[in-house]
Structure formats: C-alpha cells, structure tokens
Amino acid sequence: MSVETGKTYYFEDLELGMDASVSKSVTMEDIEKFASVSGDYNPVHLDREYAAGTIFKDVIAHGLLTASYISTVFGMKMPGPGAIYVAQSLNFKAPVRVGDEVLARVVVVDLMPAKRRARFDCICTVNGKVVLDGEAIMMVPARPE
C-alpha cells in the first residue's frame, strides 16, 4: 500500500504495511558534496587512483550518503514534515557506485500509540540488489485538532 506523494501523514493516518520510496542516481558531485558537509574525505570515496587499489576497484559512495535517502523518504514522503528520528539501525550490504540508481523504501511494521512512535523496515537497493537495510523508529506528529 504505497502512499500519496505530497501528503503529510499524521500518526492516525499510518497503517501497518504502508510504504513509501524515493529513487536517486548517485553522482560524483553528490559524493564530493557529502564529503564536504560531513568532513569524511576518505580517499575510497574521492580518489579514483586510490580506490583502484582497494577491493572496490573504483570510488564508492559514503554509506551514510546512501542511508540519507531513507531520511528523504521520512521527511518528504511518509510520514513527512514534522516527523522526527528516534532511532535508526543500518546494515551495509554492498557498495554504491557513481551512476547507481538507489531505491530507498520504508514500510510501516509497528505502531506504538502511547508515544506516537512508528517502526519502519528500511531498505535501499540498486538494480534489485540490497545495498543497505535496517530499521527506524520515528516520532510522528498527531493530527492537529
């Protein structure tokens, strides 16, 4: 059950199984900007000559750049504006390379009404292959009265 684009979902709107996703093609410029913002200038992300000597054979995107696409889903699709991270676990399964199209998808798997928390399964794939998975707990605003 995919969500409607451009809608803010309040806690009362969420149902088990609801899902949302975003897709993003990773560019070298994205990696360079992420390095600048994060301060992570590990050459495996930025230096093709250095990266050629690693198991990856070429530069790879920062794992947290890939994970940030999950944050995009939460902030812009579901639940949307006003939702706040409480927790996030991440398992990095495979490298993401320049030019890869990352599909970040979240699915509601638990609702905790007492504190308006929702638990989501999170997965990022490239060409159907899992590159990252994990779980998030979000604080979701109640519908305004």
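Every read-out reported here was derived from the displayed coordinates using simple, explicitly stated rules and does not represent laboratory data. Everything numeric in this text was worked out from a predicted model, so none of it was measured. Note that each Cβ is placed from the backbone with ideal geometry, even for glycine, and that neighbours are counted across all protein chains shown.
In table form, for the structure just shown:
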| read-out | value |
| --- | --- |
| In order through the stretch 80-96: 3J(HN,Hα) via Karplus (6.51 cos²θ - 1.76 cosθ + 1.60), integer Hz, x for Gly, Pro | x, x, x, 6, 10, 4, 10, 7, 8, 10, 9, 10, 8, 9, 7, x, 10 |
| Over the chain: helical MRE at 222 nm, DSSP H runs n ≥ 4 each giving -39500 (n - 2.57), nearest 500 | -6500 deg cm²/dmol |
| Restricting the stretch 1-107 to trypsin sites (Lys or Arg not before Pro) in coil, as DSSP defines it, with at most 14 other Cβ within 10 Å | LYS7, LYS57, LYS93 |
| For the stretch 37-71 and the stretch 87-123, distance of Cα centres in Å | 20 Å |
| Cα-based helix-to-principal-axis angle, 63-76 vs the chain, degrees rounded to 10 | 30 degrees |
| Karplus-derived 3J(HN,Hα), 6.51/-1.76/1.60, for each residue of the stretch 126-131, Hz, glycine and proline x | 10, 6, x, 8, 5, 10 |
| Sparsely packed GluC sites (Glu not before Pro) within the stretch 1-61, loop by DSSP, other Cβ within 10 Å at most 14 | GLU4, GLU15 |
| When each of LYS24/LYS77; LYS24/LYS93; LYS24/LYS129; LYS33/LYS129; LYS57/LYS129 is checked by Cα-Cα distance, pairs over 21 Å | LYS33/LYS129 |
| (i) 16.0; (ii) 18.3; (iii) 19.0, with the label sought being that of the calculated Kirkwood radius over Cα pairs in Å | (i) |
| Nearest-20 debye value, the stretch 28-144 charge dipole, Cβ charges on Lys, Arg, Asp, Glu | 660 debye |
